[in-house]
Structures are given as structure tokens and as C-alpha cells.
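Peer 1: Got a structure here, written out as C-alpha cells. Questions coming.
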Amino acid sequence: MRATLEAFMPTLYKHEGGYVDHPRDPGGATNWGITLATLREWRGRPVTKDDVRTMQRSEADAIYHANYWNRIDGDSLLAGPDAALFDVAVNSGVGRARQWKSLLAGKNAVDGVKAVCARRRSFFRSLSTFDVFGKGWMRRVNAVEAWSLAWAVRWQGGAVKPVLEQEASKAKRQSNAAGGGAVATGGGVVAAQQADAVASANWLAIAAVGITIAILLGFLIYRAVMQADRAKAMKEASDG
């Protein structure tokens, strides 16, 4: 619904920021989250990086409404999931946001938000540039999820604070569990290395086990950090 778009824009711009031109960002020169290619298409003529840099927020507002919100039929979506999918469209493409609308089938607004954001985290983890942008991406998804959940609950006439505090508590427990698993896995790696030093064995097998453990350890550390940040986002949204 249009009320979501107007309410969500300050959050969107908080994450998109001003002018950037990161060498590893495939979008290239970007301002208010609008890339050079998008601005060129919108204006219907060639544009330069200076055009992107000097673009006014009012023009960015119009582009977001026409090229992203309308193209995912934002007005037809439930309050909450509409914001979550809109941010997907902006950050990862309208086509992907349209595909992920299927995640909302048969779900209420709260579960729909969670489904979209969980799928989004999985998608980001699969990207080759996750090592560069991953931390920022996850922080953004967590913040958008918290905002969207609050909006969904509020729109349905519910009490926002208890719901978000419950989500924060759950995320904190998951973070602690993953952190404990990482410590245990790390201890297992040390024990395995000590055993290898004592007895010679099949080094290919040892290497395979080591790689598997390292992958698991990396995932557990990622999950611990991500859920801790998610808990923080939920707490901040509940206090807001």
C-alpha cells in the first residue's frame, strides 16, 4: 500500500546513502541508490557520473515509485511484506522481487516478512562479493526485517514492542547457540591437528575433514554474528 512506501523511504535512504562509486560494486556510480544506468533509462538520454552525483532526492523518489514499487505491485501487497519486497527490488532487482512474491503465498504478514528476509540472507551468502559487502548487506536485511515486522504488527492493530522483543530474544538465543557451536568446533579442529601430529594417516582424508570443519566453523561464526545483529535491530526497532 502507498502508505508503506511513504513511511519506508527514510529507512531506504538511510541504507542507500549518498553518492558512491565502489570499484567492486557492479552498479557503478550510484546516488540515493539510483545507478547511472537507471538514471539514463529514466531520463531517456546519456548521463554522466556528475549527473548521478547532483541528482535530487525528489527525482529519486519518483524513480523508486515508478520503477520499483509499481513494478512489484506494491499497493496490492500486505503491509510489512510490501516493504521487505520493495527493498529486495531496489537492492537486488525487480525480477528477483517478483519471483520471491511466491514466498508470501498462504502466509500472514509477519511470517511473510520473515520468509522474504530469510531467503534474502541465503541469496547474499551465495554471492562472490559477500566477503566485501556481506556485513553491510546483513545489517540492512536485519534492519529492514525489523522495520517491516513493526509495520505489519502496527497495521494490524497489535502491540509492536512485545513482538519485536520476542524476536530479539529468540535471535540472541540463536546467536549464543551458534557461538557455542563455533567454540566446540574450533576445539575439535585443534584436537584433530594434535592427533595428526602423533600418527601419520591418509592426508587427503585429513585435509577433507579439515575443510569440512572449517566450512562449518565459518558458518557458525557467521550465524552467531548475524543473529546478534538481528537481535540488536529488533531491540532498536522495539525501542523506537
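Peer 1: Please specify each residue of region 147-193 satisfying the condition of being modelled with pLDDT of 75 or more and farther than 26 Å from ASP82 by Cβ.
Peer 2: SER169, LYS172, ARG173, GLN174, SER175, ASN176, ALA177
Peer 1: Just one of LYS135, LYS107, LYS161, LYS114 is in contact with a Ser or Thr (Cβ under 6 Å, 6 or more places away or on another chain), within 30 Å of ALA228 (Cβ to Cβ) and basic (Lys, Arg); which is it?
Peer 2: Values: LYS135 fails: in contact with a Ser or Thr (Cβ under 6 Å, 6 or more places away or on another chain); LYS107 fails: in contact with a Ser or Thr (Cβ under 6 Å, 6 or more places away or on another chain); LYS114 fails: in contact with a Ser or Thr (Cβ under 6 Å, 6 or more places away or on another chain).
None of the others qualify; the one that does is LYS161.
Peer 1: Using the structure shown, decide if LYS161 is touching a helix residue (DSSP H, G or I) at 6+ places or on another chain (Cβ under 8 Å), closer than 24 Å to SER76 by Cα and not hydrophobic (A, V, I, L, M, F, W, C). Explain how you work it out, then say what you get.
Peer 2: Numbers: touching a helix residue (DSSP H, G or I) at 6+ places or on another chain (Cβ under 8 Å): yes; closer than 24 Å to SER76 by Cα: no; not hydrophobic (A, V, I, L, M, F, W, C): yes.
In short, no.
Peer 1: Return the residue satisfying two criteria in turn: it lies in region 63-112 and is within 26 Å of LEU164 (Cβ to Cβ) and among the acidic types (Asp, Glu), and of such residues it is surrounded by the most Cβ atoms within 10 Å (Cβ to Cβ).
Peer 2: Checked region 63-112; the qualifying residue surrounded by the most Cβ atoms within 10 Å (Cβ to Cβ) is ASP82.
Peer 1: Taking VAL47 and the conditions (1) β-branched (Val, Ile, Thr); (2) part of a loop (DSSP other than H, G, I, E, B); (3) touching a residue at least 24 places away in the same chain (Cβ under 8 Å), which numbered condition does it fall short on, given that it satisfies the others?
Peer 2: (3)
Peer 1: Residues of region 1-44 being of a type in the set (Val, Ile, Thr) and either out of contact with any strand residue (DSSP E or B) (no Cβ under 9 Å at 6 or more places or on another chain) or modelled with pLDDT of 90 or more (or both), which ones? Give the steps one after another, and end with the answer.
Peer 2: Taking region 1-44 and keeping what is of a type in the set (Val, Ile, Thr), we get 4, 11, 20, 30, 34-35, 38.
The answer is THR4, THR11, THR30, ILE34, THR35, THR38.
The values are calculated or read from the model by the stated rules, or taken from the named source; none is laboratory data. All of these numbers come straight from a predicted model, not from anything done at the bench. Backbone-built Cβ (ideal geometry, glycine too); neighbour counts: all protein chains shown.
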